[in-house]
Amino acid sequence: WNLDVPQIHRATRLLELEEQLMVKIGGYRDVNEYYEQSSSVNHVDNIAIPFLAINSLDDRITPPQGIPVEKFAANPNIALALVPHGGHLGFLTGVKPKIWFIRPIEEFVAAILR
């Protein structure tokens, strides 16, 4: 893969890691091609089974303006849950933080199985 390990260790931004890891390992031309190919906008129309997507509005990795809300809404197989807080995969709540997203997933699966 021709990884530049010292450059990876010096990386201070996610973009630098993506350029050194995701682009090279995935065989992309550049980070823009990686983003374009990885975006959910390219896949939402093809989801043919029940699918729950949870995204927080304060996610700095996948900000809400990048979510193809209209495409999610147009696909009857998808439930899109946009929550105000959680960051990127940080769906915690309470004074003694605990993960809260398990319950909505359980409820979603139970609804499907009914």
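Would you please name the residue that is farthest from E18 (Cα to Cα), looking only at residues in the stretch 49-73 that are in contact (Cβ under 8 Å) with a residue 24 or more places away in the chain and surrounded by fewer than 12 Cβ atoms within 10 Å (Cβ to Cβ)? Only one residue fits best here, namely I49.
Among the residues making up the stretch 83-110, those that are touching a residue at least 40 places away in the same chain (Cβ under 8 Å) and either in contact with a Pro (Cβ under 8 Å, 6 or more places away or on another chain) or open to solvent by 50 Å² or more (accessible area, probe 1.4 Å) (or both) are F101, I105, F108.
Among the residues of the stretch 44-69, the one identified as in contact with a Leu (Cβ under 6 Å, 6 or more places away or on another chain) and assigned to a helix (DSSP H, G or I) is P64. Of the residues V41, V23, the single one that is open to solvent by less than 70 Å² (accessible area, probe 1.4 Å), in a helix (DSSP H, G or I) and over 15 Å from T62 (Cβ atoms) is V23. Checking L3, L80 one by one, the residue that is modelled with pLDDT of 90 or more, assigned to a loop (DSSP other than H, G, I, E, B) and either among the polar types (S, T, N, Q) or open to solvent by less than 70 Å² (accessible area, probe 1.4 Å) (or both) is L3 and no other.
The values are calculated or read from the model by the stated rules, or taken from the named source; none is laboratory data. Bear in mind the structure is a predicted one, so any value in this text is a computation, not a measurement. Cβ sites come from the backbone with ideal geometry, for glycine too, and all protein chains shown count toward neighbours. Remember, those area values only see protein heavy atoms, side chains included, never the ligands or the DNA or RNA. Shrake-Rupley method; radii C 1.70, N 1.55, O 1.52, S 1.80 Å.
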